[in-house]
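Below is one structure, written out as structure tokens; the observations come after it.
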Amino acid sequence: MKFQMAKNSLFAVLLRSPWWMSVAIAAGIFAAARLVLPQAYAFFVGLPFLAIGCYAGARQLRSPSAARVAGVLEAVRAMSWDEFSGAIERAYGREGYGVTRTSGTQADFELARAGRISLVGCKRWKAARTGIEPLRELLAERRARDAHECIYVAAGEITDNALAFAAKHGIRLLRGAELAKLLPRRRA
């Protein structure tokens, strides 16, 4: 069973926050604990926050910059379907998935890895705003194929209703920074 941290726990919130916040909290706790404890013990009281700060910093360092995300989204919007689908296929192949193109369905790719099947829908990647309908179609396809998960790729905005629908039904949305992380840098 995979350990899952509560979404609104202190450590989960700190993981989503800038790294320096955790380090500042660790320093504050160390200073407060130093008033009542020896220095060696006070260090250990603040250590969990320092560790979270280091982990969050490493994650933030690896994440693509805003300029890179904007560049990738611009390049993606300029691609033809053949270029874009080929880039997605190669990217998931590099991630270790077995990639199969599907035809005549709402899903564009079937990914297989470690006995798990995922469906990827990305034909409407250029849409300026994505609503619920393509997500409903992808969810119906997931149920029909008995897949474990589905992923929807979008270079544009996703409506609030679609975001809520995706969260409710466990549809992973691949957009923005995640899309920039998946696709390789394009040479000019």
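The values are calculated or read from the model by the stated rules, or taken from the named source; none is laboratory data. The model shown is predicted, which means the values in this text are computed figures rather than measured ones. Don't worry about glycine lacking a Cβ; one is built from the backbone with ideal geometry, like all the others, and counts go over all protein chains shown.
Evaluating residue 51 against the criteria (1) part of a helix (DSSP H, G or I); (2) at pLDDT 85 or above; (3) within 22 Å of residue 176 (Cα to Cα) leaves one unmet condition, (3).
For region 126-165: of the residues being among the aliphatic types (A, V, I, L, M) and out of contact with any helix residue (DSSP H, G or I) (no Cβ under 9 Å at 6 or more places or on another chain), which is nearest to residue 70 (Cα to Cα)? Residue satisfying both the conditions and the ranking: 128. Filtered by the rule that a residue be of a type in the set (D, E, K, R) and closer than 24 Å to residue 88 by Cα, region 31-73 gives 59, 62, 68. Candidates 100, 105: the one that is closer than 28 Å to residue 147 by Cα, of a type in the set (Ser, Thr, Tyr) and in contact with a helix residue (DSSP H, G or I) (Cβ under 7 Å, 6 or more places away or on another chain) is 105.
Considering region 68-186, the qualifying helices (runs of 4 or more DSSP H), each wholly inside and each with 3 or more residues that are on the phi < 0 side of the Ramachandran plot and more than 19 Å from the chain's Cα centre (by Cα), run over 81-94, 133-145. Do we have any residue at all in region 82-96 that's in the same structural domain as residue 148 (by TED's automatic domain parsing), under 30 Å from residue 18 (Cβ atoms) and surrounded by 12 or more Cβ atoms within 10 Å (Cβ to Cβ)? The answer is yes, given that some residue of region 82-96 is in the same structural domain as residue 148 (by TED's automatic domain parsing), under 30 Å from residue 18 (Cβ atoms) and surrounded by 12 or more Cβ atoms within 10 Å (Cβ to Cβ).
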